[in-house]
Structures are given as C-alpha cells and as structure tokens.
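One structure is given here, and the rest of the page talks about it.
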Amino acid sequence: MYGMQTLLTWAESWNRLSSAYVNLGLASHEVIWRRSVKLANGSLTPVELTRMVFEKPSAFAKAAERAAAAATRQDPLLVAEALVQPIGAAARKNAMRLRRG
C-alpha cells in the first residue's frame, strides 16, 4: 500500500496547508477589524479605501498563477497551498502596515 515516507510526506503537506489557512484567517480578521475601527472613527483615508478594492484582484491573480503552475506537478495539496500563500502574504502585509498607523 503506502510506505511510511509517503504518509509522513502527506502529513507534512497537510500541516503546511492548514497552517497557511490559519495564518490567512488570522491576518484577514485583523485587517478587517483594524479597517472597521478606522472606518467607524472616521480615520480611514481614501488611499486605504482604494487599497481595499484594488488589492484583492492582484492577490487572487497571483494566487491563480501559482496554483496553475503547481497543478503541473499533479499534487492537490501543493495546488491548494500555492493558492493560499499569496493571499495570506498580502493579508499579513496589510496587517503589519495597519498596525503601524
């Protein structure tokens, strides 16, 4: 059937994928919360409003590109991980920027 090395490789892949999803979720929640607070107290700038709209298509395009490249290796976990990582990176970058000011 499957060897121990194969099972360990699958477990490692699932661990990386689940960690990527958790990090994406945490960063997204922080960004939504910080932007909501700024919107509520009137300190959300027009630049930030523009970012809210235009950052998503570029992150999703990058994710789709990486997922398509990963699909050539025919490993669904690699495809899913390639899809999540660019979106998570953008969310973490936003969270760090919003923490500063």
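Every number here is computed from the coordinates shown, using simple stated rules; none is lab data. Please read these numbers as outputs of a predicted model, since none were measured by experiment. Heads up, the Cβs are rebuilt from the backbone with ideal geometry, glycines too, and the neighbour counts pull from every protein chain shown.
Points worth noting:
- Report summary: the helix-based calculation at 222 nm, which adds -39500 (n - 2.57) for every DSSP H run with n ≥ 4 and divides by the residues of the chain, gives -32000 deg cm²/dmol.
- Residue with peak Gaussian network fluctuation, the chain [Cα springs, cutoff 10 Å], from 30, 12, 55: 12
- Since only 37, 89, 53 are under comparison, the one whose Cα sits farthest along the positive direction of the charge dipole of the chain, derived from C-beta charges on Lys, Arg, Asp and Glu, is 37.
- Each residue, residue 99 and residue 71, gets one label point 7 Å from its Cα in the Cβ direction; the gap between the two is 3.5 nm.
- In the set (i) 61, 22, 17; (ii) 92, 37, 27; (iii) 69, 33, 19, the label that goes with Cα extents along the principal axes in Å computed for this structure is (i).
- Counted charge near residue 46, where neighbours are those whose Cβ lies closer than 14 Å (Asp, Glu -1; Lys, Arg +1): +2
- Set of aspartates and glutamates near residue 93 by C-alpha distance (under 13 Å), chain-local residues within fewer than 8 positions excluded: 30, 55
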